[in-house]
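Taking it in order: structure first as structure tokens, then the write-up.
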Amino acid sequence: MQKRHLRLAITLGLLSAIGPFAIDMYLPALPLIGQSLHADTAIVQLSLTVFFIAVGGGQLLYGPLSDMFGRKLPLYVGLALFAIGSLGCALATSAPVFIGFRFLQGLGACGGMVIPRAIVRDMYTGVEATELQSMLMLVFSISPLLAPLTGSFVIQAFGWRGVFWTVLAAAIIGFGILTTLAESRPQQIRAASSLRSTFHSYRRLLSDLHFIGVALVGTCGMASFFLYLSNSPFIMIQHYHLSPRQYSLAFSMNAASFFLAAQFNGRLAARIGLKGLVLQASTGFAVAMLLLTAVFAAGVDHLWILIALLCCGYAFLGMTTPTATILALEDHGAIAGTASALMGTMQFGVGSVLMLASGRFADGRPMPMIIGIAVCALLAMACARVALRRTAGHRG
């Protein structure tokens, strides 16, 4: 069983990582893209925001389509759109064209982000699903751990356009990986899914306060990470004067804390229950971010303190978000694709709005970003306590 879990985790993790690879790999190039396309910081950040908007909105389509037509066909369509978007970005000669193809790229990427969660739910529940989800995230961690560093080498050798030729190659590899994946949603179950049933499924999910509450835990947690994604290149490179490669290493340290901590989720969930894990980990995340805010508010502005406390906080987030995902999908196996899509849309929708809002407050220094992350952490903890307070004593 462990070997089967590992094989499936590698396949799903690599498919899930292709889209984020397109985010993480081009982060060190953001200042260079602005210079090349004669665009200011706000316009360059918009290219990241529209990617998230496309990912968030597109998931509302991919989830139901995967319930109706199986998990593999929508994944093939998504990879094709992603490949076209990557090609367009590599050839773009103006900021509007570049942003437009980033939107198309995001629309293709979201299939690989939403459908693997549904596949996990098709096959497993409870602690077993948590273990598989944690293994999947370990494979998925290839993107945030290696992509920025890989991007810095590609940028140095081939310029920022080389990043998008590289992710185009990743999409082509993704087609090959997908051919090895077995369909997890049987034909007889698909027959019950339709556009009409999709509408009823979304209405049912939106009226399920437990689902919404637990989904908001992950939404607030991931929103904090999106704030870090959009602001950290400018803070690390321009405020702390790191090179793109040094920034890549700093980014990888934070990502590593998230994904390595997630590997303990299965054991911890077996000991204290899924709900207990979400409650305790979300509290740890909030405490770490409040401490970071207090330190910088006291006048300390030190790179290594920032990295250390972010690593601590994102380790707790690595325990919170995957476990909250399993809890949210637990009672919705028949519409796992639709439920996963709604969760993803919530995460990327809120993250996109916060990234747009953060642009108004960003001044190139760490404090606005830190305050935004701390607010997200407090909201994640509050949502966990409200959604899980009545049932936290139960296992699972």
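Laboratory data are not the source of any read-out in this text; all were calculated from the coordinates shown. All values derive from a computational prediction rather than experimental measurement. Neighbour counts run over all protein chains shown; Cβ positions are idealised from the backbone, glycine included.
What to note about this one:
- Average Cα contact separation per residue, the chain, under 8 Å, 6 or more apart, as relative contact order %: 28 percent
- Calculated FRET value between PHE158 and LEU290, using beta carbons and R₀ = 51 Å, to 0.05: 0.75
- Cubic angstrom per residue, convex hull over Cα atoms of the stretch 60-129: 88 Å³
- In a fully extended conformation the segment linking MET253 and GLU128 would gain 42.2 nm over its present Cα-Cα distance, using 0.36 nm per residue.
- ALA334/LEU303 FRET efficiency (R0 35 Å; Cβ-Cβ; nearest 0.05): 0.10
- Dimensionless Rg over Rh [the chain; C-alpha; Kirkwood]: 0.95
- With N counted as the residues of the stretch 275-396, its alpha-carbon radius of gyration over 2.2 N^0.38 Å works out to 1.18.
- Gaussian network model of the chain, Cα within-10 Å springs - most flexible of GLN238, GLN45, GLN105: GLN238
- For the stretch 13-84, convex hull of alpha carbons as volume per residue, Å³: 89 Å³
- Helix-derived mean residue ellipticity, 222 nm - over the chain, DSSP H n ≥ 4, -39500 (n - 2.57), to 500: -28500 deg cm²/dmol
- With only the Cα atoms considered, the stretch 211-269 has a convex hull volume of 82 Å³ per residue.
- Full extension of the chain segment joining THR41 with ASP208 gains 56.1 nm, where the gain is 0.36 nm per residue of separation less the Cα-Cα distance.
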